[in-house]
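Since the structure comes first, as structure tokens, the remarks are kept for the end.
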Amino acid sequence: MQQNRCQKVDTNGVANVLTAAGVAVSALISGTACADADATSTPQPTLPSVEVTGTAISLGHDTSQSVNTIDKKDLAEQNLVLMQDALRNVPGVTLNSGEGGAHGDSVNLRGLSIPDSFFLDGVRDIGQYQRDTFNTEAISVLLGPASAVFGRGSASGVINSISKQPQLAPVASLSLSAGQADLWRGVADFNLPLGGSAAARVALMDQRNGVVQRDQVLYRRYGVAPSVAFGIDTATRLTLSYFKEEENNIPDYGIPFIDGAPAHVDRNNYYGLVNYDRTRTNTNIGTIRFEHDFSERITVSDSLRYANYGFEYLISGPFLGNDFVDPPPPGTPYADIDVSRDQPSSAGTTSLLINRTDLTGRFDVAGFKNTTTAGLELSKEQSNVSRFTNGLDDIPATPLLHPDPFDTPPTPLTPYSNPKGRGSDVSLYALDNVALGSNWDVTAGLRWDRFKSSFGESFTDTGFQRTDTFVSPRAAVIFKPDSQQSYYFSYGTSYNPVIEYLIVAPSNDSLAPEKDSTLELGAKISILENKAEVTGALFDTRVSNTRISDPDDPTVQQMPFDQRVRGVELGINGYVTQMWELTANYTHLNDKITTSTDQLSQGKLEPNTPHDAFNFWSNVEPTSAWTIGGGFTAMSHRFADTQNTAGVPSYVVFNAMSSYQFSEHLKLQVNLNNVTGKLYFTGFYYTGIDENHAVPSAGRTLIGMANYRF
């Protein structure tokens with residue numbers, strides 16, 4: 001994960017990674033020759049800061065938070081085609097497996113769930129879909145609370161995808177991949193200068209693949225992302241973009257937990273119904289971005305977005321029991337266990353209309369340099385969901401050891417619930433960075449939000465409304481003894497309203513919003529003549545009103561509890577020698593439930609939070625054309641429930657790659673994922689001994705790729 005590969009990234013006034021307050025605000029990259037450099041070219045072995053203009057300052061030593069960036073080169077070398085694959089490279093991130101109303105990309109960051117913290121070019125992206133990277137330049141993960149900039153839901157950080165943008169140099173490239181489990185993938189990228197300061201670009205993707213040693217699972221998706229920009233490299237810039245992605249999958253709801261752990265059964269066992277199970281999504285996002293530089297000191301930018309996310313989840317996952325049979329007692333022989341099929345199926349749409357305006361100024365006050373950003377954000381969200389009757393008692397049970405995925409599915413399901421969520425937000429914020437001489441910076445930010453939400457159920461004629469007002473402060477002090485060192489101490493807060501995604505909600509308005517505060521002490525030191533950087537951070541986060549919802553039933557939500565997360569993060573990335581590039585990151589988390597109405601959960605560890613996580617990736621370039629890479633990801637044991645009675649084991653998984661640049665046009669690459677064929681579990685869902693599942697990893701997978709630039 002390289003944070004800086006270029007001497008300078010000129011974003012033409014578009015926010016890139018950090019706001020004036022030193023808080024990460026990854027947004028559009030426009031006309032960036034460096035960011036759009038050919039991923040096959042050899043990067044320069046230097047690690048300077050990234051300079052930007054507009055509503056951002058610099059990345060590097062001026063940052064008062066931890067930021068991990070997975071750039072275009074990382075995505076290509078490791079063949080990271082999905083957001084969730086890329087996020088496995090960030091220690092402290094764990095994946096969730098959803099059910100009912102929660103699907104798509106769902107992660108925990110630093111031990112906290114952040115379902116509403118995905119952003120696309122700096123603007124909220126609330127859709128529940130698997131984000132493909134075919135139109136992605138980089139993915140930035142900000143660690144730590146960020147409500148002062150991003151608003152609600154950013155309790156432990158935000159994840160931002162940075163899109164490919166039109167540029168003044170022509171681009172024409174085609175990438176074809178094939179591999180085991182009938183993998184096929186095609187990606188095309190075309191950029192056409194339109195004369196003067198305008199250009200148009202389009203990215204295309206089509207993919208179909210199974211999963212090695214999960215024979216019934218199938219993923220199909222396609223995407224298109226056209227954009228056009230005017231005024232590139234001028235004082236006034238306008239970018240129009242559209243993003244579309246559709247999925248039609250036979251999903252993987254894994255295997256059930258038996259006696260507190262995933263059942264030790266054949267890795268290929270599929271407990272769903274192949275002739276019934278489908279997850280379909282239809283994502284459409286349109287964005288208008290306008291920027292104007294009044295002078296070198298004052299810039300205004302505005303982003304207007306409308307997004308519509310359609311989905312249909314027809315699923316049947318393992319369920320240990322039904323209305324007629326209780327879950328098997330502990331110690332029951334596998335041969336005596338039958339598994340029912342749960343069907344928390346739903347369909348619906350979610351929409352978002354949002355506008356964000358930023359005004360950035362640079363000026364001196366009493367001899368001190370200030371960079372200030374003030375902004376206004378307005379948004380409106382709507383959700384309309386149909387939940388279908390559960391055919392749990394109508395589907396024949398199947399043996400745990402030998403499930404039949406071709407059992408006859410139930411008759412068509414009928415809606416029994418129609419939850420509707422509405423939300424509107426008005427936000428004002430101001431962020432300021434003051435340079436107190438050459439060695440000290442002070443940053444401060446404040447955001448005010450008024451979030452109005454409503455929830456209704458047409459079948460029962462019930463619902464509620466509530467209005468929450470939040471003030472989110474942030475402050476930091478940065479000490480830079482020289483150009484190679486930076487040390488910071490920061491304080492920040494975040495909040496999350498009671499309605500998550502506008503789909504999962506409590507049955508009344510009695511629950512207060514989730515709130516948290518974080519203290520963080522960090523350091524960033526350049527080494528090896530600025531060719532590499534070492535980072536470290538200690539943090540302490542306290543959270544109140546943490547909630548775990550049942551996505552199958554919007555009227556069921558566990559009583560809130562408080563938790564505390566203390567941790568340490570260490571990292572190194574850059575070039576150790578001219579031909580050896582290294583990235584390594586380690587995170588240790590101590591996450592405990594401090595207060596709960598459930599006495600059995602008091603003092604226990606938060607679910608899906610590993611004590612230790614480590615990521616390592618290394619490239620060696622024997623020649624200018626040949627690259628050999630490899631690495632591993634390690635994660636310790638994770639509990640599945642708040643009472644710590646069930647969990648998934650630790651694992652270490654190895655990956656490798658090799659590529660050769662045959663000419664300036666053609667590059668061939670081979671990736672071998674999960675080299676040892678390790679069985680581990682990528683995510684899980686657990687509400688009790690009867691309703692749960694853990695998703696197994698793919699087996700050893702070989703993928704070949706050909707990249708051609710015209």
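Here, each number is a calculation from the coordinates, and none is a lab measurement. The shown structure was predicted, so the numbers you read here are calculated from the model rather than taken from an experiment. Please note: Cβ atoms are built from the backbone with ideal geometry, for glycine as well, and neighbour counts cover all protein chains shown.
Brief remarks on what is shown
- Since only ALA263, PHE654, GLY492 are under comparison, the one whose Cα sits farthest along the positive direction of the charge dipole of the chain, derived from C-beta charges on Lys, Arg, Asp and Glu, is GLY492.
- Dipole orientation for the stretch 171-709: of the candidates PRO610, GLY463, PHE632, PHE632 has the Cα lying most toward the positive pole (charges on Cβ; Lys, Arg +1; Asp, Glu -1).
- Our helix-only sum for the chain, with -39,500 (n - 2.57) per DSSP H run of n ≥ 4 divided by its residues, gives a mean residue ellipticity at 222 nm of -500 deg cm²/dmol.
- Selected from LEU273, THR623, ILE232, residue furthest toward positive end of dipole (the stretch 171-709; charges at beta carbon): ILE232
- Listed options for volume of the Cα convex hull per residue in Å³ are [x] 134; [y] 187; [z] 173. The value calculated from this structure is the one marked [x].
- Extension gain, LEU446 back to PHE406 (0.36 nm per residue minus Cα-Cα distance, nm): 8.8 nm
- Counting lysine pairs in the stretch 171-709 whose alpha carbons fall under 21 angstrom apart, excluding pairs fewer than 8 residues apart on the same chain, gives 11.
- Student exercise, the chain dipole from Lys, Arg, Asp, Glu Cβ charges, in Debye to nearest 20: 1520
- Contour minus Cα-Cα distance for VAL670 and ARG542 (0.36 nm per residue): 41.6 nm
- Here the contact order of the chain, divided by its residue count and restricted to Cα pairs under 8 Å and six or more residues apart, works out to 13 percent.
- Only Lys, Arg, Asp and Glu carry charge here, each on its Cβ (+1 for the first two, -1 for the last two); on that basis the stretch 624-710 has a dipole of about 400 debye about its Cα centre.
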